[in-house]
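Chemist: Pasting a structure below so you can have a look.
Nothing in this text is a laboratory measurement; each read-out follows from the coordinates by a stated rule. These numbers come from a predicted model, not from an experiment. We place every Cβ from the backbone using ideal geometry, glycine too, and count neighbours over all the protein chains shown.
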Amino acid sequence: MSEARTRPPAGLIALALGGFGIGLTEFVILGLLPEVADDFSVTIPQAGYLVSGYAISVAFGGVFVTAATASMRPKTVLCGLMVLFIVGNLLSAVASGYGAMLLGRIVAALCHGAFFGIGSVLAASLVPANRKAQAISVMFLGLTVANVLGVPLGTFLGQAYGWRSTFWTITGIGVVALVGLLAFIPTQPAEHRPTGQLRRELAAFRNGQVWLSILVTVFGFGAMFGTFTYIAPILTDLAGFPETAIPWMLVLFGSGLFVGNLLGGRAADRQLDRTLLVLLSTLTVVLIGFAAVVGNAWGAGTALFLLGAVGFASVPGMQMRVLEFAAAAPTLASGVNISAFNAGNAIGAWLGGLTITAGLGYRSPIIVGASLAMTALILMAAAASAHRRRITASASAEPLTATIPS
């Protein structure tokens, strides 16, 4: 009995460590682009393809890798994905050229969506029903810690000892995470997958609530990262921060992610739809306020912390809502929603870049973020309203159906 009580927390920590390594792989390259570009004799924009190539691979893996492994034991899949992660980062660490580095990034990214998708389902199964969103937030805690500490430290390490040292370190983190998964994740039976199982899983997407939840993820997450993508020039050109202050501002933003992730999971466990409505409303207000006070250093710093806290507080709820309405195919739907997070990231960054290119200045991505947050809020309000109407209709129909003889 004591083993059953201690194993779930240890299993969640192993999942969080895997999430930490994956988050570090995704974001640390942003701080090392100049060093990588110089080493491979390519331009900064060409080095930037290492970022976009990773994101595309995440979107692909989140859907197809999850679907292909749906009938396997969750522990087996997670361990296999972590091996893929280790191999990808090892390829990056020893890459002899730009093409090899890009290949390593793509291989490592294939595990990203499936790991968080399958891990979300597994994490929720390790705890009582009233703590499922909190369990998901613990798994995503590794991603937030990667932003708070991992990215600044990884950037410092790469600048001091060469960018390859950072990827060797990430490879080592992957090995430790793999050991943790093998030791502490309980072995659960594989999902029974009869003939036509894939059709059944895809049929879950006929539920309009699933698609509304995914769209909320795209626009809500896009609102936060559309702004964060351009945070360095926003802080230096508008808020007046020196470049040397940017790493500390990233730590401030990451601290917001950490706090928001923990509080958001607890709130979503109590009242899921209401929590998301409140958070998306607050995110819209924070972004509008950010655009208004960005010229003041203290105001910009406060808004940056709130952006991380409120923006990431909605992540456990967004993931939990998809799982709730895709009960027939939670693993596939979870992986698709992880891809939706990355799609939102790409869309927000793209729209923000368009406004900057159009000459609207570095304040414009913040306004774009506020617009995306408002769109997510409208979609969430429509989804919650439709869900309430369906519950009301079902409740009113129960007495009538009870009188019909079988």
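Chemist: Name the shape class, rounded, prolate or oblate, that the alpha-carbon gyration tensor gives for segment 1-187, where a ≥ b ≥ c are the square roots of its eigenvalues, rounded holds for a/c under 1.5, and otherwise prolate holds if a/b is larger than b/c and oblate otherwise. Intermediate results must be reported in sequence, preceding the final value.
Modeler: On the way: a/c = 2.28, a/b = 1.83, b/c = 1.25.
Prolate.
Chemist: A further question follows. Counting each DSSP H run of 4 or more residues in the chain as -39500 (n - 2.57), what helix-only mean residue ellipticity at 222 nm follows after dividing by all residues, to the nearest 500 deg cm²/dmol?
Modeler: Values: 15 runs with 321 residues, N = 406.
Using -39500 (n - 2.57) per qualifying helix, the result is -27500 deg cm²/dmol.
Chemist: Looking at the square roots a ≥ b ≥ c of the eigenvalues of the Cα gyration tensor of segment 271-372, which shape do they give, rounded for a/c under 1.5, prolate if a/b is larger than b/c, or oblate? Working shown, then result.
Modeler: On the way: a/c = 3.17, a/b = 1.68, b/c = 1.89.
In terms of gyration-tensor shape, oblate.
Chemist: Sticking with this one: Would you work out the relative contact order for segment 198-389, in percent, from Cα pairs under 8 angstrom that are 6 or more residues apart?
Modeler: On the way: 309 pairs, mean separation 81.8, N = 192.
Result for segment 198-389 is 43 percent.
Chemist: Can you give me the relative contact order of segment 94-187 as a percent, contacts being Cα pairs under 8 Å and 6 or more apart? If you can, show how the numbers build up before the last one.
Modeler: Values: 27 pairs, mean separation 12.4, N = 94.
Across segment 94-187, relative contact order equals 13 percent.
Chemist: Give me a comma-separated list of calculated 3J(HN,Hα) values for segment 168-177, in order, Karplus coefficients 6.51, -1.76, 1.60 applied at θ = phi - 60°, integers in Hz, x for any Gly or Pro.
Modeler: In residue order, the calculated couplings are 5, 5, 5, 4, x, 4, x, 5, 5, 4 Hz.
Chemist: Putting +1 on Lys and Arg Cβ atoms and -1 on Asp and Glu Cβ atoms, find which of Gly361, Ala59, Asn147 reaches farthest to the positive end of the dipole of the chain.
Modeler: Comparing the listed Cα positions along the dipole, Ala59 ranks first.
Chemist: So what are segment 198-389's ellipsoid semi-axes, whole angstrom, largest first, if each one is the square root of 5 times an eigenvalue of the alpha-carbon gyration tensor? Walk me through the numbers on the way to the answer.
Modeler: Numbers: eigenvalues 191, 54, 40 Å².
Equivalent ellipsoid semi-axes, largest first: 31, 16, 14 Å.
Chemist: Right, another one. Pick from Gly359, Gly301, Gly311: which residue has the top mean-square fluctuation in a GNM of the chain where Cα pairs under 10 Å get a spring?
Modeler: With Cα springs under 10 Å in the chain, the top fluctuation among Gly359, Gly301, Gly311 is at Gly359.
Chemist: So, one more: So what are the ³J(HN,Hα) numbers for segment 369-374, from phi and the Karplus equation (6.51, -1.76, 1.60; θ = phi - 60°), rounded to whole Hz, Gly and Pro as x?
Modeler: x, 4, 5, 5, 5, 5
Chemist: From the square roots a ≥ b ≥ c of the eigenvalues of the alpha-carbon gyration tensor of the chain, which class results: rounded (a/c under 1.5), prolate (a/b over b/c), or oblate? If you can, show how the numbers build up before the last one.
Modeler: Values: a/c = 1.86, a/b = 1.24, b/c = 1.50.
Taking the square roots of the gyration eigenvalues as a ≥ b ≥ c, the chain is oblate.
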